[in-house]
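Note sheet for the following structure.
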Amino acid sequence: MLKYVKWVTVALAIITMAAILQSTTASGTVMQVQNTYSAKCALCHAADGSGNTPKGKELKMKDLRSPEVQKMSDTEMYKLIAKGKKKMPGYEASLGKQACNELVVYVRELAKKK
Ligand code: HEC
């Protein structure tokens, strides 16, 4: 009986630890993509995606949260971020595929926050 209780305790501890680990890595990713956006994208697109920056105005940027931009499919948006378009630099080479995918998700999140 005592042995059984011990195992249950151990199992619970493992489950709790796994849950904590999972939640921290999930929010870690969000933090990371937010940092990437601030470092690489906000200069032109602004922190909120509005494009309301000196550089954004100069380039006549669309609001990333606008329906016009949001109607792009994930694939189209990924391609744009990864490969670039005209004045927009591509980021696949410097940031990698994973980060570009996360940025697509992040741009969707910006639209939800508006
Ligand atoms: C040097 C300024 C600059 C930086 C830095 C930049 N962009 Fe852009 N971005 C642009 C320009 C200019 C366009 C419009 C491209 C076009 O269609 O001519 C654009 C377009 C976009 C679009 C499509 C919306 C549209 O206007 O058609 C998305 C999505 C986007 N950028 C995401 C990002 C992300 C994510 C980053 C950071 C990894 C980033 N951009 C960094 C200049 C920039």
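Brief remarks follow.
- Among residues of the stretch 60-74 that are of a type outside the set (S, T, N, Q), those with a beta-carbon under 8 Å from a residue that is part of a loop (DSSP other than H, G, I, E, B) and more than 10 Å from the ligand (Cβ to nearest atom) at least six positions away or on a different chain give the pairs 63/50; 64/50; 65/48; 65/50; 65/114.
- Looking at the stretch 1-77, the helices (runs of 4 or more DSSP H) lying wholly inside it that each contain 2 or more residues that are away from the ligand (no atom under 13 Å from the Cβ), over 16 Å from the mean Cα position of the chain (by Cα) and at pLDDT 75 or above sit at 2-36.
- Among the residues of the stretch 78-114, those that are of a type in the set (Lys, Arg) and either modelled with pLDDT under 95 or not in a helix (DSSP H, G or I) (or both) comprise 85, 86, 87, 112, 113, 114.
- Reported count of residues in the stretch 85-107, each being more than 13 Å from the chain's Cα centre (by Cα), more than 8 Å from the ligand (Cβ to nearest atom) and surrounded by 14 or more Cβ atoms within 10 Å (Cβ to Cβ), is 2.
Here's the yes/no breakdown for (1) acidic (Asp, Glu); (2) on the phi < 0 side of the Ramachandran plot:
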{"position": "70", "(1), (2)": "no, yes"}
{"position": "84", "(1), (2)": "no, no"}
{"position": "88", "(1), (2)": "no, yes"}
{"position": "92", "(1), (2)": "yes, yes"}
{"position": "95", "(1), (2)": "no, yes"}
{"position": "103", "(1), (2)": "no, yes"}
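The values are calculated or read from the model by the stated rules, or taken from the named source; none is laboratory data. Bear in mind that the values here come from a model prediction, so they are computed numbers and not experimental data. FYI the Cβ positions are ideal-geometry reconstructions off the backbone, even for glycines, and counts take in every protein chain you see.
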